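**Student:** The structure's right below; bear with me while I get my questions together.
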Amino acid sequence: MTNPTAAVLGLGAMGSAITACLRDTGHATVVWNRTAAKTEPHAEAGSRAAATVAEAVTAADVVLVVLFDHASVREHLEPVAAELKGRTLVNLTTTTPNQARATAAWAAEHGLTYLDGAIMATPDMIGTPASRLLYSGDRSAYDTARALLETLGAADYQGEDAGLASLKDMALLTAMYQMFGGLFQAVAMMRTVGATAADTAGEVGGWLGAILPHLGRFGAELDRAAHNSGDHDPARGQDVDFARAAVGALITAAREQGVGADLLEPLMRHLDELAATGRGTADWISVADQLPIA
Ligand code: FVH
């Protein structure tokens, strides 16, 4: 059986990596980019360069959208709804869950086969074992495109709700950005005594590696408490009062070194609120239960 032909809309760092990977795995590729010059290296490497989105779409079985954001996706897909009919449309552009659902609803209105995707990889990881992509929405679209999608990285279908891949993407990226925020705070503190950022990054990496196994324990404990009416009191691990003292010391230490503590203050506010509502002896991981907005 011949491989499906893929159109790639968007040749930024990620679209280019995806196109190269598809070519390397024996797929015919047709590429379009707003700035046409970016199609040239791909055409030299064997892709077909399309002058318009419509031309790219009509040449393909599977259309991969790797644009900047939701607005650019809708701007370029809406005029080609008719041409997309009968093809599998996979949007890999980062969007919010509701934006993914809105695009899925638009696709359904036009009778299009739509799958939403989220890339848990950087461009250099595409096609390697380190690459993982999440998908959600139309299960038959996933099944149709699956073999092609698996060339990009492990393919992980999340469910029929088109927003699910994006939701997990946003949750994982939230944890990642908070971690990087912690690194930047540590670098700023250690620079006050002349430590290089590279040294601090190495120290932070070692420390985070050592405490990473706690994530699984926290997750299990949060689930256990959720099955017991959300009761975290008494604490099985560190309690809120202990965490308040610890985070309070971090904030004081940062300020003593002349470094802002505004990345830590939101966590402290949640701990303060737990203490103020009589939950000082509850496990501090109950912060997770306090975040939903009523
Ligand atoms: N790069 C990464 O590490 C991350 C990994 C996780 C997933 N993201 C998402 O992938 C989407 C594309 O990201 P990218 O890395 O390819 O981004 P850029 O290199 O900045 O290229 C952006 C492309 O989008 C085109 N573009 C921007 N605005 C428009 C528009 N209004 N109309 C049409 N195209 C537009 C841009 O075209 P040009 O500037 O070359 O003309 C590039 O092709 C993204 O959602 C990430 O969040 C990547």
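**Student:** Just to be sure, is residue 39 open to solvent by less than 40 Å² (accessible area, probe 1.4 Å), part of a loop (DSSP other than H, G, I, E, B) and either within 16 Å of the ligand (Cβ to nearest atom) or more than 17 Å from residue 141 (Cα to Cα) (or both)?
**Tutor:** Working: open to solvent by less than 40 Å² (accessible area, probe 1.4 Å): yes; part of a loop (DSSP other than H, G, I, E, B): no; either within 16 Å of the ligand (Cβ to nearest atom) or more than 17 Å from residue 141 (Cα to Cα) (or both): yes.
Here the answer is no, as residue 39 does not meet what is asked.
**Student:** Sticking with this structure for a sec: Failed condition for residue 67, given (1) in a helix (DSSP H, G or I); (2) within 24 Å of residue 157 (Cα to Cα), with all others met?
**Tutor:** (1)
**Student:** A follow-up question, please. Would you mind telling me which numbered condition in (1) out of contact with any strand residue (DSSP E or B) (no Cβ under 6 Å at 6 or more places or on another chain); (2) surrounded by fewer than 23 Cβ atoms within 10 Å (Cβ to Cβ); (3) of a type outside the set (D, E, K, R) residue 95 fails?
**Tutor:** Every condition holds for residue 95 apart from (2).
**Student:** Now for a separate question. Among the residues of the range 77-89, is there at least one that is assigned by TED's automatic domain parsing to the domain that holds residue 36, in contact with a Pro (Cβ under 6 Å, 6 or more places away or on another chain), assigned to a strand (DSSP E or B) and away from the ligand (no atom under 11 Å from the Cβ)?
**Tutor:** Within the range 77-89, the first condition is being assigned by TED's automatic domain parsing to the domain that holds residue 36, and the residues that meet it are 77-89.
Narrowing further to those that are in contact with a Pro (Cβ under 6 Å, 6 or more places away or on another chain): none.
Among the residues of the range 77-89, not one is assigned by TED's automatic domain parsing to the domain that holds residue 36, in contact with a Pro (Cβ under 6 Å, 6 or more places away or on another chain), assigned to a strand (DSSP E or B) and away from the ligand (no atom under 11 Å from the Cβ), which makes the answer no.
**Student:** Please enumerate the residues belonging to the range 247-266 that are open to solvent by 40 Å² or more (accessible area, probe 1.4 Å), in contact (Cβ under 8 Å) with a residue 12 or more places away in the chain and not in a loop (DSSP other than H, G, I, E, B).
**Tutor:** 250, 265, listed by residue number.
**Student:** Looking at (1) assigned to a loop (DSSP other than H, G, I, E, B); (2) within 15 Å of the ligand (Cβ to nearest atom), find the lone condition where residue 22 falls short.
**Tutor:** Just one mismatch for residue 22, condition (1).
**Student:** When you check residue 36 against the structure, is it in contact with a strand residue (DSSP E or B) (Cβ under 9 Å, 6 or more places away or on another chain), among the small types (Gly, Ala, Ser) and under 18 Å from residue 84 (Cβ atoms), yes or no?
**Tutor:** So residue 36 fails the test.
**Student:** Separate question: Before we move on, is residue 49 in contact with a strand residue (DSSP E or B) (Cβ under 9 Å, 6 or more places away or on another chain), aliphatic (A, V, I, L, M) and open to solvent by 40 Å² or more (accessible area, probe 1.4 Å)? Quick ask: steps written out before the conclusion?
**Tutor:** On the way: in contact with a strand residue (DSSP E or B) (Cβ under 9 Å, 6 or more places away or on another chain): yes; aliphatic (A, V, I, L, M): yes; open to solvent by 40 Å² or more (accessible area, probe 1.4 Å): yes.
Here the answer is yes, as residue 49 does meet what is asked.
**Student:** Something else: In this structure, does residue 15 turn out to be on the phi > 0 side of the Ramachandran plot and not in a strand (DSSP E or B)? Walk me through it before giving the result.
**Tutor:** Values: on the phi > 0 side of the Ramachandran plot: no; not in a strand (DSSP E or B): yes.
The answer is no for residue 15.
**Student:** For the range 219-246, what are the residues that are assigned to a loop (DSSP other than H, G, I, E, B) and in contact with a helix residue (DSSP H, G or I) (Cβ under 9 Å, 6 or more places away or on another chain)?
**Tutor:** Across the range 219-246, the qualifying residues are 230, 231, 232, 233, 235, 236, 237, 238.
**Student:** Would you be able to say whether some residue in the range 61-69 is within 11 Å of the ligand (Cβ to nearest atom) and loosely packed, with under 15 Cβ neighbours inside 10 Å?
**Tutor:** yes
Residue by residue, here is whether (1) part of a helix (DSSP H, G or I); (2) without any contact (Cβ under 8 Å) to a residue 60 or more places away in the chain; (3) open to solvent by less than 10 Å² (accessible area, probe 1.4 Å) holds:
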{"position": "104", "(1), (2), (3)": "yes, yes, no"}
{"position": "108", "(1), (2), (3)": "yes, yes, no"}
{"position": "111", "(1), (2), (3)": "no, yes, no"}
{"position": "117", "(1), (2), (3)": "no, yes, yes"}
{"position": "128", "(1), (2), (3)": "no, yes, no"}
{"position": "133", "(1), (2), (3)": "no, yes, yes"}
{"position": "143", "(1), (2), (3)": "yes, yes, no"}
{"position": "149", "(1), (2), (3)": "yes, yes, yes"}
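**Student:** Anything in the range 18-31 that is open to solvent by less than 20 Å² (accessible area, probe 1.4 Å), among the hydrophobic types (A, V, I, L, M, F, W, C) and under 25 Å from the mean Cα position of the chain (by Cα)? List them, or say none. Steps first, please.
**Tutor:** First, pick out the residues of the range 18-31 that are open to solvent by less than 20 Å² (accessible area, probe 1.4 Å): 18-19, 21-22, 27, 29-31.
Right, trim to among the hydrophobic types (A, V, I, L, M, F, W, C) and you get 18, 21-22, 30-31.
Passing the criteria: 18, 21, 22, 31.
**Student:** I've got another one for you. With the structure loaded, tell me whether residue 226 is among the small types (Gly, Ala, Ser), farther than 30 Å from residue 103 by Cβ, within 27 Å of the chain's Cα centre (by Cα) and modelled with pLDDT under 95 or whether it fails that test. Explain how you work it out, then say what you get.
**Tutor:** Numbers: among the small types (Gly, Ala, Ser): yes; farther than 30 Å from residue 103 by Cβ: yes; within 27 Å of the chain's Cα centre (by Cα): yes; modelled with pLDDT under 95: yes.
It is true that residue 226 is among the small types (Gly, Ala, Ser), farther than 30 Å from residue 103 by Cβ, within 27 Å of the chain's Cα centre (by Cα) and modelled with pLDDT under 95.
**Student:** Could you count how many residues in the range 276-288 are open to solvent by 80 Å² or more (accessible area, probe 1.4 Å) and part of a helix (DSSP H, G or I)?
**Tutor:** So in the range 276-288, the residues open to solvent by 80 Å² or more (accessible area, probe 1.4 Å) come out as 276, 279.
Then keep just the ones that are part of a helix (DSSP H, G or I); that gives 276.
The qualifying residues number 1.
The values are calculated or read from the model by the stated rules, or taken from the named source; none is laboratory data. If you're wondering where the values come from, they're calculated on a predicted model, not measured in any experiment. Positions of Cβ are generated from backbone atoms using ideal geometry, with glycine treated the same way; all protein chains shown enter the neighbour counts. Surface areas here come from the heavy atoms of the whole protein model, side chains and all, with no ligands, DNA or RNA. Shrake-Rupley method; radii C 1.70, N 1.55, O 1.52, S 1.80 Å.
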